[in-house]
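Here the structure is laid out as structure tokens; the discussion comes afterwards.
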Amino acid sequence: MKIQVITLFPEMFEDVLNSSILGIAQKKELVSFKLTNLRDYGIGPRKQVDDTPYGGGNGMLLKPEPLISAIKEAKTNEPNAIVLLPTPRGKEFKQLEARKLSAKTNLIIVCPRYEGYDERVTEWVDEQFKIGDYILTGGEIPAMVIIDSVVRLIPGVLGNDQSTLTESFEQGSNIEHPQYTRPEEYEGLKVPDILLSGNHEVIKKWRDNNSK
């Protein structure tokens, strides 16, 4: 999979994309990332990317020309790429969406900033997502959330692909059951006896009953 990110702050992604599972996925050549600085598409000598909204209002909006130019060039490199826009107006990003996107070969994620973006940009967008009912300063963190949740589902990224099928949110809306590891007792808190019983049928029933 190739993931292109269009952002005013590409430096925010460097450590995230090169650490942990995302770094491992790159070493395995299962995913590659390209960070595009939106400022490179700015207008005039000052590389302007924002302007005041028509009709008045607080803050600034990202102009259509730089964003659309950046999307067009990214699509030139990967014409079949799916363009994603993190925005409070989008549908809630859930595990099902992550799994669907993990089957794609190319994604382009556009990171908004300021008070938002010129609405005409959405004509070049395939999917709009929100990661929750709250406002962030930009689309970079939502983009990282989407990238992390999608890449870990690509076959071969994790050591055991089957493990993702039993995780929280994979079985309808269930949250995975509580889990324990050694020691059996810590500061008076004990692992439930049933998990130490060795009876796998009973353990499975306990796990099912304790999933939400």
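Here the chain carries DSSP beta bridges of which approximately 25% are antiparallel, counting only pairs with both residues inside.
Counting 0.36 nm for each residue step from Glu14 to Lys47 and taking away their Cα separation leaves a gain of 9.6 nm. Candidate membrane-span-like segments in the chain, meaning DSSP H helices with Cα atoms spread over at least 15 Å of their own axis and a Kyte-Doolittle mean of -1.0 or above, are 64-77, 140-151, with no membrane implied. The overall shape of region 38-120, judged from the alpha-carbon gyration tensor, is oblate: a/c is not under 1.5, and a/b is no greater than b/c. Considering only alpha-carbon pairs that sit under 8 angstrom and 6 or more positions apart, the relative contact order computed for the chain is 21 percent. One chain, two ends: Leu30 and Ile194. Fully extended at 0.36 nm per residue, the span grows by 55.1 nm beyond their Cα-Cα distance. Using the Cβ of Ile194 as centre and a radius below 10 Å, the other residues enclosed give a net charge of +1, where K and R count +1 and D and E count -1. Placing +1 on the Cβ of every Lys and Arg and -1 on the Cβ of every Asp and Glu, with no other charges, gives the chain a dipole of roughly 380 debye about its Cα centre.
Sorting 108-121, 91-104 by their mean Cβ neighbour count within 10 Å, with the most densely packed peptide first, gives 108-121, 91-104. Spin-label model, Lys204 to Ala103: label points 7 Å out along the Cα-to-beta-carbon direction sit 2.7 nm apart. [x] 18.7, 56; [y] 20.9, 64; [z] 21.4, 72: which one is Rg and Dmax of the Cα atoms in Å as calculated from this entry? Computed from the coordinates, Rg and Dmax of the Cα atoms in Å corresponds to [z]. In this structure, Arg39 and Ile82 have a Cβ-Cβ separation that, at R0 = 22 Å, corresponds to a calculated FRET efficiency of about 0.35. Our note on the geometry: Cα centres of region 1-43 and region 63-93, 15 Å apart.
Values quoted throughout were computed directly from the atomic coordinates according to the rules given, and no laboratory measurement underlies them. What you see is a predicted model, and the numbers here were worked out from it, not measured in a lab. All Cβ positions, even for glycine, are placed from backbone atoms using ideal geometry, and neighbour counts span all protein chains on display.
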